[in-house]
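Following: one structure in structure tokens, then a few remarks.
The values are calculated or read from the model by the stated rules, or taken from the named source; none is laboratory data. Small disclaimer: the values here were computed from a predicted structure and weren't measured. Methodologically, a virtual Cβ is constructed for each residue, glycine included, from the backbone with ideal geometry; neighbour enumeration extends over all protein chains shown.
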Amino acid sequence: ELYLKGIAATSPDPAVLSPALLTVVGDIHLRAGKLEEAEGMFQRLKDRYADSPFSDAGPVGLGQIALARKKPDEALKIFDNALLNEGMSRFKEANLGKLEALVETGQDKLAEDLGNEMVGNKMFRGEAAGKAYLLMARSYRRQAPKAPDIDKSRELLKKAHFTYQRVQSAYKSFPDVCAEAFWQDYETALELHDDTLAGEVLELLATLPKLEKTARAAEARKKLNK
């Protein structure tokens, strides 16, 4: 990992990298928020290796960049096109990207349908399913302010809360995903005006040993002055 980060840090010319390195370096730049550098890697993949086993890596990476740039409509088109590619190597990432794009464009019914399809499919078992649950919960929370009455709004927030609880319980093997569920659940509790629940969730996030090295746990400890 350090070796690959070292390659990424040198900002190599995409033309000199293999498709495998283009994929990895593009992902490293994307996680670091270096969108222009990531775009160069993924565009090279898309243009040069369209007929290779890496044919989907470029489009999926470009879709993720579109999401990072707050262009979910553009991202949705990219992911839809990528998913037409049979036997793709980044099938999970493409579906997660499409799910996020549906949530961000307010297509809540389609998002819920896709999310349920994903978490019910053994192919997405593990971290991908946990991330899908997080996106479904985000959709419920975004619908809450637009609900026709306070009862429906609270129902949606509670649905998000229970979804976050599911991730907290079932996905401890993926600390970052689990910690994100705790943090988002804390914020949902505040939206429900349940300060007691919010405090309990934040305390757990700050103190659970399996989560102690996550960024969200550090934020929780800071809030609690620990």
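Please determine, by comparing only the residues of the range 48-78 that are part of a helix (DSSP H, G or I) and of a type in the set (Asp, Glu), which one is nearest to residue 135 (Cα to Cα). Reasoning before the result, please.
Going residue by residue through the range 48-78, those that are part of a helix (DSSP H, G or I) are 48, 57-68, 72-78.
From what's left, of a type in the set (Asp, Glu): 73-74.
Working: 73: 16, 74: 18 Å.
Of everything passing the filter in the range 48-78, 73 is nearest to residue 135 (Cα to Cα).
Which of the residues that make up the range 96-150 are surrounded by fewer than 24 Cβ atoms within 10 Å (Cβ to Cβ) and of a type in the set (Asp, Glu)?
104, 108, 112, 113, 117, 127, 149 - these are the residues of the range 96-150 that are surrounded by fewer than 24 Cβ atoms within 10 Å (Cβ to Cβ) and of a type in the set (Asp, Glu).
Okay, residues lined up against (1) more than 18 Å from the chain's Cα centre (by Cα); (2) under 29 Å from residue 193 (Cα atoms):
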position: 91; (1), (2): no, no
position: 118; (1), (2): no, no
position: 140; (1), (2): no, yes
position: 150; (1), (2): yes, yes
position: 169; (1), (2): yes, yes
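Please state which of the following conditions residue 84 fails to meet, knowing it meets all the rest: (1) within 27 Å of residue 217 (Cα to Cα); (2) more than 17 Å from the chain's Cα centre (by Cα).
So the condition that residue 84 fails would be (1).
Of all residues in the range 43-61 being modelled with pLDDT of 90 or more and either out of contact with any Leu (no Cβ under 9 Å at 6 or more places or on another chain) or farther than 20 Å from residue 19 by Cβ (or both), which is surrounded by the most Cβ atoms within 10 Å (Cβ to Cβ)?
60
If the Cβ limit is 8 Å and pairs must be 6+ apart or interchain, which residue in the range 65-83 that is modelled with pLDDT of 95 or more pairs with which residue that is part of a loop (DSSP other than H, G, I, E, B) and among the hydroxyl-bearing types (Ser, Thr, Tyr)?
Partner pairs satisfying both residue conditions: 72/105; 73/105; 76/105.
Is it the case that the range 153-170 has a residue that's farther than 24 Å from residue 208 by Cα and touching a Pro at 6+ places or on another chain (Cβ under 6 Å)?
no
Let's see how each residue does on (1) free of Cβ contacts under 8 Å to residues at least 60 places away in the same chain; (2) surrounded by fewer than 17 Cβ atoms within 10 Å (Cβ to Cβ); (3) under 17 Å from residue 125 (Cα atoms):
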| residue | (1), (2), (3) |
| --- | --- |
| 152 | yes, yes, no |
| 164 | yes, no, yes |
| 170 | yes, yes, yes |
| 190 | yes, yes, no |
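Can you name every residue in the range 30-47 that is within 18 Å of the chain's Cα centre (by Cα), assigned to a helix (DSSP H, G or I) and of a type outside the set (Gly, Ala, Ser)? Before you say what the answer is, go through the steps one by one.
Our first condition is that a residue be within 18 Å of the chain's Cα centre (by Cα); within the range 30-47, this holds for 30-35, 38.
Checking which are assigned to a helix (DSSP H, G or I) leaves us with 30-31, 35, 38.
Across the range 30-47, the qualifying residues are 30, 31, 35.
Do you know which residues across the range 93-112 are within 17 Å of residue 160 (Cβ to Cβ), in a helix (DSSP H, G or I) and not aliphatic (A, V, I, L, M)?
Those that are within 17 Å of residue 160 (Cβ to Cβ), in a helix (DSSP H, G or I) and not aliphatic (A, V, I, L, M): 100, 104, 108, 109, 112.
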